[in-house]
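Let me begin by presenting the structure, written as structure tokens, before commenting on it.
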Amino acid sequence: MAFTLPQLPYAHEALEPTIDAQTMQIHHGKHHQAYVDNLNKALAGTDHENKSLEEIVAIAGSISPAVRNNGGGHWNHSFFWQVLSPNADKVPSGELAEAINSAFGSFETFKEKFNAAGATRFGSGWAWLIVKDGKLEVTSTPNQDNPLMDVAEVKGQPILGVDVWEHAYYLKYQNKRPDYMAAIWNVINWSKVAELYEAAK
Ligand code: MN3
């Protein structure tokens, strides 16, 4: 079964002004599509052809770089679109809010840690909020790796992920990754993150 590009759960312009429509069109329609196409190409005729995306990601350390990078790219972007929303709540609530306060001291401190993880990831990568052994942690990964991979420095179940590749922000924010990281909080889908937290804890 070949992998396919999932539809965006909102219109390309829905996340403006935080993320502009053109960035979304290129990011979803070109970059994510390319990860899907290249993953299918790299898997064709191999032993891993019938594996699920989760199974592929879990064995990232023992598969070809093309499958690791494009499989990670497909998983990460499919996840990323889900944790963004035009009707964002701005702040988490309920049990997730309590868990964030207990792990980081406050929501503000959590955001500072997360933004720092994204800003200091050299080159291209992702910033993550994960559940590890029932607890929340902030981490980051290079390239298209993610915390579900056997090769991840810090492993856990992602409940929030932000793409810090230049293609995610360059048209609007140019080289100012910290400005993009500061603005992204306007469009985080906290109810989705809470749902993922509930399932992961
Ligand atoms: Mn991307």
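The values are calculated or read from the model by the stated rules, or taken from the named source; none is laboratory data. All values derive from a computational prediction rather than experimental measurement. Neighbour counts run over all protein chains shown; Cβ positions are idealised from the backbone, glycine included. In case anyone asks, the SASA skips ligands and DNA or RNA and just uses the protein heavy atoms, side chains included. Shrake-Rupley method; radii C 1.70, N 1.55, O 1.52, S 1.80 Å.
The residue that is farthest from PRO147 (Cα to Cα), among those in region 23-53 that are among the polar types (S, T, N, Q) and in a loop (DSSP other than H, G, I, E, B), is THR46.
When SER93 is tested against (1) within 16 Å of the ligand (Cβ to nearest atom); (2) among the small types (Gly, Ala, Ser); (3) under 23 Å from ALA14 (Cβ atoms), just one condition goes unmet, and that condition is (1). Counting only residues that are surrounded by fewer than 22 Cβ atoms within 10 Å (Cβ to Cβ) and aliphatic (A, V, I, L, M), region 153-185 holds 5 of them.
In region 125-172, counting only strands (runs of 3 or more DSSP E) that sit wholly within it, the ones holding 3 or more residues that are in contact with a strand residue (DSSP E or B) (Cβ under 6 Å, 6 or more places away or on another chain) and closer than 20 Å to PRO65 by Cβ span 135-142.
Does LEU43 count as more than 26 Å from GLU137 (Cβ to Cβ) and open to solvent by less than 30 Å² (accessible area, probe 1.4 Å)? Taking the combined requirement at face value, the residue satisfies it.
Quick check: anything in region 113-127 of a type in the set (Val, Ile, Thr) and either within 16 Å of the ligand (Cβ to nearest atom) or over 30 Å from ALA21 (Cα atoms) (or both)? First the steps, then the outcome.
From region 113-127, those of a type in the set (Val, Ile, Thr) are 120; that's our starting set.
Checking which are either within 16 Å of the ligand (Cβ to nearest atom) or over 30 Å from ALA21 (Cα atoms) (or both) leaves us with none.
Checked region 113-127: no residue is of a type in the set (Val, Ile, Thr) and either within 16 Å of the ligand (Cβ to nearest atom) or over 30 Å from ALA21 (Cα atoms) (or both).
Among residues of region 50-69 that are open to solvent by 50 Å² or more (accessible area, probe 1.4 Å), those with a beta-carbon under 6 Å from a residue that is part of a helix (DSSP H, G or I) at least six positions away or on a different chain give the pairs ARG68/ALA60. The single condition among (1) open to solvent by 40 Å² or more (accessible area, probe 1.4 Å); (2) touching a Gly at 6+ places or on another chain (Cβ under 8 Å); (3) more than 14 Å from the ligand (Cβ to nearest atom) that MET149 does not meet is (1).
LEU5 meets all of the listed conditions (1) open to solvent by 50 Å² or more (accessible area, probe 1.4 Å); (2) in a loop (DSSP other than H, G, I, E, B); (3) free of Cβ contacts under 8 Å to residues at least 60 places away in the same chain but one, namely (1).
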